[in-house]
Structure formats: C-alpha cells, structure tokens
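Engineer: Okay, here's the structure, questions in a sec.
The values are calculated or read from the model by the stated rules, or taken from the named source; none is laboratory data. As the structure is a prediction and not an experimental result, all values here were calculated from the model. Every residue, glycine as well, gets a Cβ built from its backbone with ideal geometry; the counts of neighbours run over all protein chains shown.
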Amino acid sequence: MNNFNRRDFIKTSLFGGIAATMIPSFAMETLAKPAKVSMDATSRVSLVTGTDRADMAFRTLQPFSKEIAQAIGNKRIIVKPNLVSSTTQLSAIHKDTIEGILEFYQSINKLENVIIAESAADGPTMGAYDNYGYIPVANKYKVKLVDLDDSTPKVLYVLDELDIRPKPVRMSSLLTDRNNFVMSVARMKTHDRIIATLTLKNVVVAAPIKDQGFTFGKDRKPGAKSDKGIVHGNGFRGINYNLFNLAYHIRPDLGFIDGYDGMEGDGPTEGTPVDHRVCVAGLDWVSVDRVGVELMGIDPSKIGYLNFCAQAGLGEFDLSKIDVVGEKIADHVKPYQLSRNIDKQLQWQIPLKEKGESLY
C-alpha cells in the first residue's frame, strides 16, 4: 500500500484512540467480525468493453453467474443505482445499464427477488426515476422502484471532524439489513471530497434518509432536512473515516462500476464526460473499486477510505492478487482529471499533530 503502514493508519484515521469511542455498543459484535473475504484465494473482477450499455452490463456479470446465484440464495436483491442528481444524466446510471442488469438476474432465475432502490440527494427519488426513464424498464421486468427515504430508519453514529463527537444519522434499513443482497451500481466519477466515488460510496451516502419535501431548491418544505450531509463529517478526514467505519454496517455484496462514459473534474455532478466504454464487476467490492481506480489512472494511495478498508482486511486491495477476467486493465487505462480542490482533499493524509507531539 505504497508504504502506508498501520502506524500511519492509526494517526490519519482520526486520532486512533478515539475510534473505539465512536462505535456504538450494538455495533461491537459486527466490528469484531468483519466481512468475511477469503484472502487466500485471488479475488476475481470482470472487466469488459463495448458499445452497447445493456450488453456490457450483462456480459460483465455473466462470468460470476453461479457465484452470484449462490450468494443470493433466497435473499431480497437491492439494486442500488447512482442517481445522486435527479437532473444530470452524466452523474447517473443510464436506464440501459439497468436493463442489462435485470436481464442478467432473469437469466439466473432471480428476477422475482429484485427491487431497485435509491435516495436521490437533491429531491424526490421518484422524480429521478421518471426523468431517467426507469419506470418503463421497471414495468417491463416487473420490478419495484423504491425510495430509500420511505424505509424504516436505523440510527447509526458517525464522526464530526469539528468537535470529534458521535453524531446520530438516520439510515435506511433496506441497506443496513445484512439479510438483503445489496448490489451497488456505481458510476465511474471523480469526486470533490474523496477523490473518486465508486461502489462503497454509492451505497453508504445513499443510506442516510431525507425528509419528504426536502430539495436543494426553493420548493423545500419548511423544516424538511436531509441526514446525508452528516456522513460527510465536516471535513476531508471526517468523510474518509466515516466511509470506512460505516462499511462494517453498509457495503456492497456485489460491486458494479459503469464506465461507459465516466465523469472527470468536479464530480460527482459538475464534471465533464470521459468516453471510456468499460464496465467492472465482482463480489469483492474492495477489489472492484481498486480496479476502477486503476482504470481511472488515479494513485490508490490518495484515497483514504479505500486504504482504511484495505488495512482492516475488508477486501483485496493488492492489484497483483486480483484476477481480472476479460479485458486487460493496461489496455483501458484512461487518466481522469481530478477535482480542482485535490490538494485540500489530501488533508486526510496529514496527522493532526506532528510526530512526538501530544494530542492533549
């Protein structure tokens, strides 16, 4: 991990010793038993290219048909697309990609277990479904479109960088329930807070609930609020730590990255298109995100939350131990321009105190 050792991890993941105080008692058992990922066997990630979104989505998942069907069993499947904006198509998962995914689930006889669930950041999720053409696709495959904001909330706690106190966040029970099979369908994008937003970020920051009537515009209902901002932790250290910590509660069972056309620059909503024509998927979300970062030409050591998750053993981060099925990564690397505030984003790497100085 580019000489990023465990001592560095403790210092930069916000003061080391406070970590235990940030974890509510009901979560301790989960933290003691992190996600089981076989580190003895090489992680497999599928990489395909093409010119048809639906076909690419289907072919990316196909190599893992048996493994995915076995992992699902009788669980409900939550297909979680990235619809962070309800009006900017480049920031959102295209309906054709969703169609290819639903075709795949139909091919393994799991379509009856599927729902599509999202919480758009800027307003009503059903409006986003309508704007992007999801409703006809859902009707065609007879799957339900769900607004995560309507689900029963579960309260989790995150860190606030300004006062180092735990803050409660209302989270969707659909994504916190580990009896569901969660598929994260992410967009290949740069980000103005965490360098790149991939499969983990797609589910973790969608989980915080917003009140009905909340929008970014003048039509916001008086008193309506969104809990999504709380997860950002009031700083670049805070958001990286919170994504890592919440991965013990909310994480993809199946990671999928749509890079047909990515976004570079001031993502996740204000960037510009990258004609990339790639698609990535796998059952180890850490490996999927690692391959995604490589395809974007981004130095993985710069992405705090992914380094933290790798240090904690939540998945395989070593590219030499990831078996890429299909296309070769080297043939499809396309360096993405990072956000203009990249220097500020790297604050997570800087300890709050210099070596030898007391925190007290």
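Engineer: If you take the residues of the range 144-165 that are over 22 Å from the mean Cα position of the chain (by Cα) and touching a residue at least 60 places away in the same chain (Cβ under 8 Å), which of them is surrounded by the most Cβ atoms within 10 Å (Cβ to Cβ)?
Structural biologist: Here is the first cut: in the range 144-165, the ones over 22 Å from the mean Cα position of the chain (by Cα) are 162-165.
If we keep only those that are touching a residue at least 60 places away in the same chain (Cβ under 8 Å) too, we end up with 162, 164.
Numbers: Leu162: 10, Ile164: 14.
Once the filter is applied, the top-ranked residue is Ile164.
Engineer: Does the range 203-211 contain any residue that is modelled with pLDDT of 95 or more, in contact with a Pro (Cβ under 7 Å, 6 or more places away or on another chain) and surrounded by fewer than 24 Cβ atoms within 10 Å (Cβ to Cβ)?
Structural biologist: no
Engineer: Here is a follow-up. Which residue, of Ile239, Ile257, is among the aliphatic types (A, V, I, L, M) and in a strand (DSSP E or B)?
Structural biologist: Details: Ile239 fails: in a strand (DSSP E or B).
Just a single option satisfies the conditions, and that option is Ile257.
Engineer: Another question, then. Can you pull out the residues in the range 40-88 that are modelled with pLDDT under 95, among the polar types (S, T, N, Q) and either in a helix (DSSP H, G or I) or touching a Lys or Arg at 6+ places or on another chain (Cβ under 9 Å) (or both)?
Structural biologist: Answer for the range 40-88, where residues must be modelled with pLDDT under 95, among the polar types (S, T, N, Q) and either in a helix (DSSP H, G or I) or touching a Lys or Arg at 6+ places or on another chain (Cβ under 9 Å) (or both): Thr42, Ser43.
Engineer: Could you grab me the full set of residues in the range 166-186 that are outside any loop (DSSP other than H, G, I, E, B) and either surrounded by fewer than 17 Cβ atoms within 10 Å (Cβ to Cβ) or among the hydrophobic types (A, V, I, L, M, F, W, C) (or both)?
Structural biologist: First pass over the range 166-186, keeping only residues outside any loop (DSSP other than H, G, I, E, B): 166-176, 181-186.
Once the filter is applied, which keeps residues that are outside any loop (DSSP other than H, G, I, E, B) and either surrounded by fewer than 17 Cβ atoms within 10 Å (Cβ to Cβ) or among the hydrophobic types (A, V, I, L, M, F, W, C) (or both), the range 166-186 yields Pro166, Pro168, Val169, Met171, Ser173, Leu174, Leu175, Phe181, Val182, Met183, Val185, Ala186.
Engineer: Inspect the range 263-276 for any residue being of a type in the set (S, T, N, Q), in a helix (DSSP H, G or I) and either more than 23 Å from Leu61 (Cα to Cα) or at pLDDT 95 or above (or both) and give the result as yes or no. Step through it out loud before you land on a result.
Structural biologist: Of the residues in the range 263-276, the ones of a type in the set (S, T, N, Q) are 269, 272.
Now narrow it down to the ones that are in a helix (DSSP H, G or I): none.
No; the residues of the range 263-276 include none that is of a type in the set (S, T, N, Q), in a helix (DSSP H, G or I) and either more than 23 Å from Leu61 (Cα to Cα) or at pLDDT 95 or above (or both).
Engineer: So, in the range 98-156, of the ones that are more than 20 Å from Asp52 (Cβ to Cβ), among the β-branched types (Val, Ile, Thr) and in a helix (DSSP H, G or I), which residue ends up modelled with the lowest pLDDT?
Structural biologist: If we take residues in the range 98-156 being more than 20 Å from Asp52 (Cβ to Cβ), among the β-branched types (Val, Ile, Thr) and in a helix (DSSP H, G or I), then Thr125 is modelled with the lowest pLDDT.
Engineer: Now for a different question. Could you list all residues from the range 317-345 that are in contact (Cβ under 8 Å) with a residue 24 or more places away in the chain, more than 20 Å from the chain's Cα centre (by Cα) and part of a helix (DSSP H, G or I)?
Structural biologist: Lys321, Ile329, Lys344
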